[in-house]
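In what follows, a single structure is set out as structure tokens and then discussed.
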Amino acid sequence: MPNQKTKIEVTRETILGEIANKYPDSAKIMLEYGLHCVGCFANQFDTVEQGAMIHGLSDEELDEMIFRVNESINSPANLE
């Protein structure tokens with residue numbers, strides 16, 4: 001049986017810095033939505049939702065961004 005990694009799930013409560021440090025491609029996605037806090041000192045304690053609120057994202061934009069981040073970090077290349 002092949003060695004499979006556990007699927008990662010980013011939620012609104014996930015700390016921004018955890019995602020950005022482990023998955024740099026996710027930071028690129030978040031930057032596309034204006035979440036520049038992925039490179040800020042606050043990313044060590046702000047959640048994805050807090051960052052989105054600070055930067056004026058709508059609930060729809062936040063959900064779309066989280067979906068795209070999860071899709072990226074759970075791609076076959078990242079799970080191998």
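A short reminder: the numbers here are calculations on the coordinates, not readings from a lab. Values in this document were obtained by computation on a predicted structure and should not be read as measured data. Here the Cβ is made from the backbone with ideal geometry for all residues, glycine too, and neighbour counts use every protein chain on show.
Mean sequence separation of contacting Cα pairs (under 8 Å, at least six apart), scaled by the length of the chain, corresponds to a relative contact order of 44 percent. If you take the square roots of the eigenvalues of the alpha-carbon gyration tensor of the chain and sort them as a ≥ b ≥ c, do you get rounded (a/c under 1.5), prolate (a/b over b/c) or oblate? In terms of gyration-tensor shape, prolate.
Taking the Cβ of I19 as the center, what net charge do the other residues with Cβ under 15 Å away carry, scoring Lys and Arg +1 and Asp and Glu -1? Write down the numbers at each step before the final one.
Numbers: positive: K7, R12, K22, K28, R68; negative: E9, E13, E18, D25, E32, D46, E49, E71.
Once positives and negatives cancel, what remains is -3.
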